[in-house]
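To keep things clear, I will list the structure first and then write my remarks on it.
The numbers here are math on the coordinates, done by the rules we state, and not lab data. No experiment lies behind these values; they were computed from the predicted model shown. Using ideal geometry, Cβ is built from the backbone for each residue, glycine included, and neighbour counts are taken over all protein chains shown.
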Amino acid sequence: MSFTLLAEQTLNGLQFGVMLFLMAAGLTLVFGVMGLINLAHGSLYMVGAFAAAAVAGATGSFLLGLVASLVCAAFAGVLIEVLVIRRLYERDHLEQVLATFALILIFSEGTRWVFGSFPLFLDTPAWLGGTVTLPFGIVYPVYRLAIILVGLAVALGLFWMIARTRIGIRIRAGENDREMIAALGVNISLLYTFVFALGAALAGFAGAMIGAIQSVQVGMGEPVLILAFVVIVIGGIGSIKGAFVGALLVGLTETLGRFLLPEFFKLLMEPSAAISVGASLASMSIYLLMAAVLLFRPRGLFGSA
Amino acid sequence: MKIQPDAAQFPLAFKTVVLAGFKAAKPEVLLNAALMLALLAVPLWAWFADEPFLITLTTRAVIFAIAGVGLNFALGFGGLVSLGHAAFFGLGGYVMGVLAYHAQTYTALLDWPFVIEGSRSMLVIWLVAILLSALLALGIGALSLRTSGVYFIMITLAFAQMLYYFAISWPAYGGEDGLSIYVRNSFPGLNTMAPIQFFAICFVLLILVLLLVKFLARSAFGLALGAARQNEERVQAVGQMPYRLYLIAFMISGSITGLAGALFADLNRFVSPTMFSWQTSGEIMVFVILGGVGRVFGPVAGAALFILLEHSLGGLSDYWHVYLGAILLGVVLFARGGLYGMLTGREAAHD
Amino acid sequence: MKMRSLLLAAGFVAVAAGAQAEGVKVGMITTLSGGGAGLGIDVRDGFMLAVAQSGRSDIEVVIEDDQRKPDVAVQLADKMIQSEKVDVLTGIIWSNLAMAVVPGVVAQGKFYLSPNAGPSQLAGKGCNKNYFNVAWQNDNLHEAAGAYANGAGHGKTFILAPNYPAGTDALTGFKRFYKGDLAGEIYTKLGQTDYAGEIAQIRASGADSVFFFLPGGMGISFLKQYAGSGLGLPVVGPAFSFDQGILQAVGEAALGVKNTSQWNKDIDNATNAAFVASFQAEYGRLPSLYASQGFDTANLLISAMGKADVADADAFRAALEAADFASTRGDFAFASNHHPIQNIYVREVIKEGDVFTNKIIGLALENHADVYAADCKM
């Protein structure tokens, strides 16, 4: 195992983590501000990917596809917020879970209805194709590097928005005391719709970015959703900072675990058994990480008590 | 393959006992009775009409109902919203699969430090499934109950998912292929391969589980649990530790769902990691909510309705999940309290 | 659970009136909803095309959707046998579903014709006289890939597959024929969508080629990311990641990749030419591997119906064993374990106009049968 390989795997973990952050940020915002658990967040990820694939396919422009993913996911977000989610804020978590579970069924089969049963095509644009050679001789795909940079930029933008802008102040106020901001004359229903649409747009954007290097298909959102849950449980629900740290931790654990665990077991047993045991354990590694964090900090790393 | 009629009446005797237990004819009690009678009447009719598949379908509903009753105990009475009950359902299934597999191949489950043999007896399998599920619930609960609310939902989901991936990648028991058992396990005095007899077993177990939950809900433990759900501080002041209360409730809940898992695997003569999937957790929760949270018989109504919907909507279109989703959404938004809430009035009787 | 469509070809009245000898009632359990629906739809369409073309009025097909869930598939099999009273079952796509359903079905004396899955257990010790596989034994295409790698001069190949039984079988099958060294061997997570880590390991291993088995969406993800990595080593895989349904989603990334298959649309025989043309005319898309398997399965059944009555199980079984039908693959025969003996070809992904498709570039294994037949005692 060389240093280069380890460094490349760390970059991969970082890239995976940054993408998870885009998913987790929306979930944690929606929970932090509205107290809503949204299982259908993965469906918005899928909507973004399908919108990007359809528009990029029709126009030939990846950038237009990205724009479409933001617009469509935000629109889908507004639509379900106004029609369904709005009625759930005052309900308990149980009813939120069931209603958003129902939304998954509708979105998944509805998407198949519209786009058919086969995966869609979405490719990275030519100007982001190819590889670059980084220091220490690491050959890395440009597109993945772009994902890391774009993801970090979005994270910075979010931090800035929440810390510095008027809407951010309202969001923070909403997390702390809902009655108060209503009393201050803020249109709370509009604020909620905005936050939900923002979360949806982030998820859709992540879906489009990732869709270009993966398979755009029905059901693509749910595995990511469950990972995003793990992320925000580790980071602390409602905390954007926690979501960021949690996403990087999960991304790195998942990638490095898959790579290092089989290597580790090769020291202990014969290779074929080591590969199998290592792969089995690697598939559980992030859940073990979550359990370990919970042992010491039941509210996550950055959760409020 | 017909059986003696008296074997089929054996659940009827139980039915009478249950009915006798209800003194006041409240609408909820009437509904409970109607529901159980319908669940019994359908397979009996199917048996006479020689429609074995209908019996199998009702058995499926009864087993799902047991799983739902298990979740309902944690969810409806303890307020613990677990989105990971597939963990117990799957574990129960694998207990049946692994024990029967070893018995079928005449290999020992464990040679060292002591020998553990497989088993083809349902009674042994149920016992092991219940105990191991309780143990798993102890582990998951001990960690997840350190948190509450939405954390609890996500953590239980994540643990079930962990077991799902483990089951897929662990090659010893079939991995994703799962395990096939060619004939159902045995129960003294019955031919479990006859659909009506296996139905009878499941139906009796459902009644026993319902009685247990009713009893527990009215016991000192159940009252303390209900109080804890409504007001944690107050119970702490009285000296009961809610954490321990919750943990015990979670273990009871998990073991009931584990039992259902073992029955489900026996119904299909097959077990696979799908039983651990998050969709399974979601479906068990759907049974509870469709029927009515916190009603002892709620999950029975929910499971029956779910099977009915699945069976009838499937014929409408390839995309029937859309309709199912729309109906579920309608229930949450407009029919709070599920079927029981609609039919017997809003106030959930947490008894 | 129940997408039900009943096809009574042409002569409904004749069947209803019982005017002729009992026909055959077929139960098809296949995946028509959810992520894997494309494969089931192809098998169904291929099968129904052959039934329609036969012009026979005595085949009734009941189709149900298993949602890719084993427990649902088992329920449906019970329903097909107990209330529909079918004579023959078919349709299952996935090995794990087949393992759940097939042993029970054949134990009840029904025939099962597999149009896709061929798990090794059912080819060896678990074989059954009433079970016929019309597609392939699971190892076959991987073995052919190993044979091809030898011929192509690959001496240090890197192999990967998901960590589940079919994945283990795939790598075992490949290694059974491959003679060179292995640069590395990885089991990935089932349903994994990001392969950056694996691609980095391939790069670091000094491999000269890659063999992978990643069906469906996993293969799409891997190929796109592999193409983006600029690694450029030759890639070999079984046909499952390169079938007509998903090639369009992979796009340029798949161009030039070699894959092994027992069928392609350019196999030169009259049956195949007619099949490709009529499938395209009927459904408006090119047929896939799976569609050809569904088509062949139906034609096998129809050939047996011409020779024997399904009520006479022994005669009907003998008629099936004869495999006296015109396959889209050309020569086709059953080995002693009721699995195919057939040629397996190497295909290359090409672009025809705007459509990505495959073209045969050579023969990987001739008249190939599986290795499990020796374990099969019927």
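At-a-glance table
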{"quantity": "Dipole in debye (nearest 20) - region A:52-155, about Cα centre, beta carbon charges: Lys, Arg +1; Asp, Glu -1", "calculated": "140 debye"}
{"quantity": "Karplus-derived 3J(HN,Hα), 6.51/-1.76/1.60, for each residue of region B:99-105, Hz, glycine and proline x", "calculated": "4, 5, 4, 5, 5, 5, 9"}
{"quantity": "Sequence-distant residues sharing a close amide H with C:ALA333 (under 5 Å, placed H)", "calculated": "C:ILE341"}
{"quantity": "Angle in degrees between helix A:142-164 and the longest Cα principal axis of chain A, rounded to the nearest 10", "calculated": "30 degrees"}
{"quantity": "Exercise: per-residue mean of other protein chain Cβ atoms within 10 Å, B:75-84", "calculated": "2"}
{"quantity": "Net charge over other residues, Cβ less than 12 angstrom from the Cβ of B:ALA67 (K, R count +1; D, E count -1)", "calculated": "0"}
{"quantity": "Evaluated over region C:124-266, the Cα radius of gyration and Dmax, each in Å", "calculated": "14.9, 50"}
{"quantity": "Amide H contacts under 5 Å for C:THR260, placed H, 5+ residues apart", "calculated": "C:GLY237, C:ALA239, C:ARG347"}
{"quantity": "Inter-label distance for C:LYS129 and C:THR172, nm, one decimal - labels placed 7 Å from Cα along Cα-to-Cβ", "calculated": "2.8 nm"}
{"quantity": "FRET efficiency, B:ALA172 to B:LEU211 (Cβ-Cβ, R0 41 Å, nearest 0.05)", "calculated": "0.60"}
{"quantity": "Any cysteine of the protein assembly as shown lacking a neighbouring Cys Cβ under 4.7 Å - listed by number", "calculated": "A:CYS72, B:CYS202"}
{"quantity": "Highest-MSF residue in chain B out of B:TYR319, B:TYR340, B:TYR94 [GNM, Cα springs under 10 Å]", "calculated": "B:TYR319"}
{"quantity": "Residues A:VAL82, A:VAL250 arranged by fewest to most Cβ contacts within 10 Å", "calculated": "A:VAL82, A:VAL250"}
{"quantity": "Computed magnitude of the charge dipole of chain A (debye, nearest 20; Cβ of K, R +1, Cβ of D, E -1)", "calculated": "540 debye"}
{"quantity": "Distant-in-sequence amide H partners of C:ILE63 (H built 1.01 Å from N, under 5 Å)", "calculated": "C:SER5, C:MET28"}
{"quantity": "Computed [θ] at 222 nm, helices only, for the protein assembly as shown once each DSSP H run of length n ≥ 4 contributes -39500 (n - 2.57)", "calculated": "-20000 deg cm²/dmol"}
{"quantity": "Hydrodynamic radius by Kirkwood, which averages 1/r over all alpha carbon pairs of chain C, in angstrom", "calculated": "21.0 Å"}
{"quantity": "Angle in degrees between helix A:3-34 and the longest Cα principal axis of chain A, rounded to the nearest 10", "calculated": "10 degrees"}
{"quantity": "In degrees, nearest ten, helix C:95-107 long axis to first principal axis of chain C (Cα)", "calculated": "30 degrees"}
{"quantity": "Net charge dipole size for region B:54-276 [Lys, Arg +1 and Asp, Glu -1 on Cβ; Debye, nearest 20]", "calculated": "540 debye"}
{"quantity": "Peptides ranked, highest mean first, by Cβ atoms within 10 Å: ranges A:286-297, A:152-163", "calculated": "A:286-297, A:152-163"}
{"quantity": "D (Stokes-Einstein, µm²/s), Kirkwood Cα radius, the protein assembly as shown, 1.567 mPa s at 4 °C", "calculated": "44 µm²/s"}
{"quantity": "Test item: B:264-270 mean partner chain Cβ contacts at 10 Å", "calculated": "5"}
{"quantity": "Förster radius 35 Å - calculated FRET efficiency between A:PHE136 and C:LEU363, Cβ distance, rounded to 0.05", "calculated": "0.15"}
{"quantity": "Stokes-Einstein D in µm²/s, Kirkwood radius over Cα pairs - region A:3-218 at 37 °C with 0.692 mPa s viscosity", "calculated": "179 µm²/s"}
{"quantity": "Inter-part distance where region B:242-285 and region A:1-61 are each reduced to a Cα centre, Å", "calculated": "31 Å"}
{"quantity": "Antiparallel DSSP beta bridges within the protein assembly as shown, as percent of all bridges there, nearest 5", "calculated": "50 percent"}
{"quantity": "Within a Gaussian network of chain A (alpha carbon springs, distance under 10 Å), most fluctuating of A:ASN187, A:ASN12, A:ASN38", "calculated": "A:ASN187"}
{"quantity": "Burial ordering of B:GLU28, A:GLU8, A:GLU95, C:GLU348, fewest other beta-carbon atoms within 10 Å first", "calculated": "C:GLU348, A:GLU95, B:GLU28, A:GLU8"}
{"quantity": "Stretch gain in nm, segment A:TRP113-A:LEU156, where the contour uses 0.36 nm per residue and the Cα spacing is subtracted", "calculated": "11.7 nm"}
{"quantity": "Sorted by Cβ neighbour density within 10 Å, fewest at the top, the residues A:VAL150, B:VAL213", "calculated": "A:VAL150, B:VAL213"}
{"quantity": "Modelled FRET efficiency - R0 60 Å, B:VAL204 with C:ALA52, Cβ distances, 0.05 increments", "calculated": "0.75"}
{"quantity": "Inter-probe distance in nm under a simple model that places probes 7 Å from Cα toward Cβ, at C:ASP266 and C:VAL355", "calculated": "1.4 nm"}
{"quantity": "Cα-based equivalent ellipsoid, region C:294-341: semi-axes from gyration tensor eigenvalues, Å", "calculated": "18, 13, 8"}
{"quantity": "Globularity index of region B:54-276, i.e. its alpha-carbon radius of gyration over 2.2 N^0.38 Å", "calculated": "1.04"}
{"quantity": "Surrounding net charge for A:HIS41, when Lys and Arg each add one and Asp and Glu each subtract one, Cβ distance under 13 Å", "calculated": "-2"}
{"quantity": "For A:253-260, mean number of other protein chain Cβ atoms within 10 Å", "calculated": "3"}
{"quantity": "Listed residue pairs exceeding 30 Å between alpha carbons, taken from C:LYS156/C:LYS359; C:LYS110/C:LYS377; C:LYS129/C:LYS307; C:LYS175/C:LYS359; C:LYS79/C:LYS224; C:LYS79/C:LYS265", "calculated": "C:LYS79/C:LYS224; C:LYS79/C:LYS265"}
